[in-house]
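S.K.: Handing you this structure, nothing more for now.
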Amino acid sequence: MSDPTSRSVAAPRVLFMMPNFKSYSQPWIYRMIRALEGEIALVAAGDTHEGEPIGFPTHELFALRRGRRVIGRAPILRPWLYRYDALEGAVRESGADRVLCNFATLAVMYRPVWMRLGLPVFVHVHGYDILPDLRDYSGNLVHPAGYRQSLVELTQEARFIANSDFTAGILREMGAPADHVVRKYLGVPLPRESRKHHCHEEVQISAVGRFVDCKAPLKTVKAFELACQRGLRGRLTLVGDGPMMPEVRAHVAGSSVGHRIELLGACTEAQVNDLLSITDIFTQHNEPGPITGQREAFGVSVLEAMAYGIPAVVTSDGGIPETTEDGVTGFLGEPGNIEQQADFILRLATDPELRKRMGSAGRARVAEKFSDVREKAELREILELG
């Protein structure tokens with residue numbers, strides 16, 4: 001652990017917890033850290049990535065970096081594996097007087113520490129962490145036995161920050177007291193310049209998101225193929241990685257338009273921004289995961305595209321309808337309907353004025369409801385930081 005006195009900060013009070021320090025798919029976590037800069041006493045994570053220029057005192061949570069899922073199922077080993085005593089000591093030394101823990105899974109792991117410390121705990125939930133029946137791609141339950149009950153008990157003690165009304169609804173259905181759940185949308189920065197929409201010989205279509213079943217990347221590829229069959233002149237670039245990548249890669253390799261489809265894999269936030277700056281249409285096909293049962297809780301990547309003035313072609317599952325206004329900032333299709341997704345893509349591809357109008361409306365919507373400035377203010381209010 002770094003020396004908590006090594007950095008001069010004004011009245012540090014927050015213990016900020018996260019699963020790991022570097023995850024390309026979670027840039028919004030670092031925006032939250034920046035929003036609380038000056039009032040973070042300690043950052044605790046599963047992997048502190050020694051030498052990473054975090055700028056805050058850090059604490060590494062786990063005794064092991066691998067095998068935690070198996071070993072953690074044995075209750076007698078949890079205090080050692082999760083280093084309960086070490087975290088408690090680090091928190092007391094840091095002077096933190098409240099906890100902001102990202103993901104309910106992490107909050108449940110450390111519930112014994114919260115009970116001993118007696119600090120107010122705020123749990124920021126993001127989707128998969130409040131789905132007790134979530135399964136992996138082998139059909140096995142992701143969360144350990146008893147997770148549902150532990151989660152329900154935690155909702156009675158901690159205050160939950162939901163990233164969408166959809167997510168808040170799941171918590172309330174689970175029995176969380178109404179005054180223990182508050183919705184705070186994730187915010188995104190507004191680029192200085194909006195995308196300029198002109199008539200191009202080929203349009204750039206982009207999709208950003210993990211290759212998981214609730215984001216249905218293969219359906220997006222098939223919708224693009226259908227649009228090409230109907231005359232679309234364009235290219236599709238997909239950013240992300242995950243368990244569905246081999247299936248998508250194999251399909252693209254055998255596609256008649258595979259030469260117009262690019263799979264970039266996981267990218268940094270800067271690389272995603274570079275792609276969005278040249279994108280004409282953003283698309284994503286969300287649906288209830290047929291294997292995992294996962295749902296799209298919110299859809300930050302949709303907002304990031306809208307912030308650039310890019311119209312979105314998405315589907316109305318989970319929290320997506322909270323981001324995209326159908327017919328105003330883009331098109332909301334039916335989950336599973338790739339014909340409709342292809343039609344919407346083709347309609348925007350052939351109408352630069354429509355792209356411009358919807359893109360401008362999307363950028364204005366982000367500025368009004370989903371800016372990082374607004375999120376910062378709401379987060380500080382929820383944490384009662386003044």
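S.K.: Check Thr155 against each of (1) surrounded by 18 or more Cβ atoms within 10 Å (Cβ to Cβ); (2) touching a Lys or Arg at 6+ places or on another chain (Cβ under 8 Å) and name the one condition it does not meet.
M.R.: All conditions pass for Thr155, except number (2).
S.K.: If you don't mind, another one. Look at Arg355 and say whether it is basic (Lys, Arg) and free of Cβ contacts under 8 Å to residues at least 60 places away in the same chain.
M.R.: Taking the combined requirement at face value, the residue does not satisfy it.
S.K.: Does Cys228 fit the bill of being in the same structural domain as Asn337 (by TED's automatic domain parsing), within 30 Å of Arg374 (Cα to Cα) and either in contact (Cβ under 8 Å) with a residue 60 or more places away in the chain or crowded, with 18+ Cβ neighbours inside 10 Å (or both)?
M.R.: Against the criterion (in the same structural domain as Asn337 (by TED's automatic domain parsing), within 30 Å of Arg374 (Cα to Cα) and either in contact (Cβ under 8 Å) with a residue 60 or more places away in the chain or crowded, with 18+ Cβ neighbours inside 10 Å (or both)), Cys228 does not qualify.
S.K.: Could I ask something else about it? What about Leu134, is it crowded, with 16+ Cβ neighbours inside 10 Å, farther than 30 Å from Gly95 by Cα and hydrophobic (A, V, I, L, M, F, W, C)?
M.R.: Yes; evaluated as a whole, the condition is true for this residue.
S.K.: Now for a separate question. So which pairs qualify, if the first residue must be in region 330-346 and over 22 Å from Gly309 (Cβ atoms) and assigned by TED's automatic domain parsing to the domain that holds Cys214, the second must be surrounded by 22 or more Cβ atoms within 10 Å (Cβ to Cβ) and β-branched (Val, Ile, Thr), the Cβ gap must be under 6 Å, and the two must be at least 6 apart or on different chains?
M.R.: These pairs meet every condition: Pro335/Thr315.
S.K.: Output the residues belonging to region 235-261 that are at positive phi and in contact (Cβ under 8 Å) with a residue 40 or more places away in the chain.
M.R.: Result: Gly240, single match.
S.K.: Considering only residues that are of a type in the set (A, V, I, L, M, F, W, C) and surrounded by 16 or more Cβ atoms within 10 Å (Cβ to Cβ), look in region 10-22 and name the one that is modelled with the lowest pLDDT.
M.R.: Phe21
S.K.: If I ask for residues that are in contact with a helix residue (DSSP H, G or I) (Cβ under 9 Å, 6 or more places away or on another chain) and on the phi > 0 side of the Ramachandran plot, which ones from region 125-150 would you list?
M.R.: Hit for region 125-150 is Gly127, nothing else.
S.K.: Please give the number of the condition Glu378 fails out of (1) in a helix (DSSP H, G or I); (2) in the same structural domain as Leu226 (by TED's automatic domain parsing); (3) of a type in the set (Asp, Glu).
M.R.: Tallying (1) in a helix (DSSP H, G or I); (2) in the same structural domain as Leu226 (by TED's automatic domain parsing); (3) of a type in the set (Asp, Glu), Glu378 fails exactly one: (2).
S.K.: Working only within region 90-117, note down all residues that are over 27 Å from the mean Cα position of the chain (by Cα) and of a type in the set (A, V, I, L, M, F, W, C).
M.R.: Answer for region 90-117, where residues must be over 27 Å from the mean Cα position of the chain (by Cα) and of a type in the set (A, V, I, L, M, F, W, C): Ala90, Met115, Leu117.
S.K.: Further, regarding this structure: Being at positive phi and over 23 Å from the mean Cα position of the chain (by Cα) is the filter here; which residues of region 303-359 pass it?
M.R.: Gly327
S.K.: Filter region 166-181 down to the residues that are under 15 Å from Phe298 (Cα atoms) and either surrounded by fewer than 18 Cβ atoms within 10 Å (Cβ to Cβ) or of a type outside the set (Ser, Thr, Tyr) (or both) and list them by number.
M.R.: Matches in region 166-181: Phe166, Ala168, Gly169, Ile170, Leu171.
S.K.: Separate question: Given the conditions (1) of a type outside the set (Lys, Arg); (2) over 19 Å from the mean Cα position of the chain (by Cα); (3) not in a loop (DSSP other than H, G, I, E, B), and given that Ala207 satisfies all but one, which numbered condition is not satisfied?
M.R.: With respect to (1) of a type outside the set (Lys, Arg); (2) over 19 Å from the mean Cα position of the chain (by Cα); (3) not in a loop (DSSP other than H, G, I, E, B), Ala207 is out only on (2).
S.K.: Moving on to the next point. When you go through Glu287, Glu322, Glu296 one by one, which is the residue that is charged (D, E, K, R) and touching a strand residue (DSSP E or B) at 6+ places or on another chain (Cβ under 8 Å)?
M.R.: Every option except Glu287 fails the conditions.
S.K.: While we're on this one: Could you tell me which residue of region 270-300 is surrounded by the most Cβ atoms within 10 Å (Cβ to Cβ), considering only residues that are among the charged types (D, E, K, R) and closer than 30 Å to Gly169 by Cα?
M.R.: Glu296
S.K.: Here's a follow-up. Pairs under 6 Å by beta carbon, first residue in contact (Cβ under 8 Å) with a residue 60 or more places away in the chain and in a loop (DSSP other than H, G, I, E, B) in region 72-97, partner surrounded by 13 or more Cβ atoms within 10 Å (Cβ to Cβ) and not aromatic (Phe, Trp, Tyr), six or more apart or different chains?
M.R.: Gly72/Leu81; Arg73/Pro144; Gly95/Ala41; Ala96/Leu15; Ala96/Ala41; Ala96/Leu42; Asp97/Arg13
The values are calculated or read from the model by the stated rules, or taken from the named source; none is laboratory data. Keep in mind the model is a prediction, meaning the values are calculated, not measured. Positions of Cβ are generated from backbone atoms using ideal geometry, with glycine treated the same way; all protein chains shown enter the neighbour counts.
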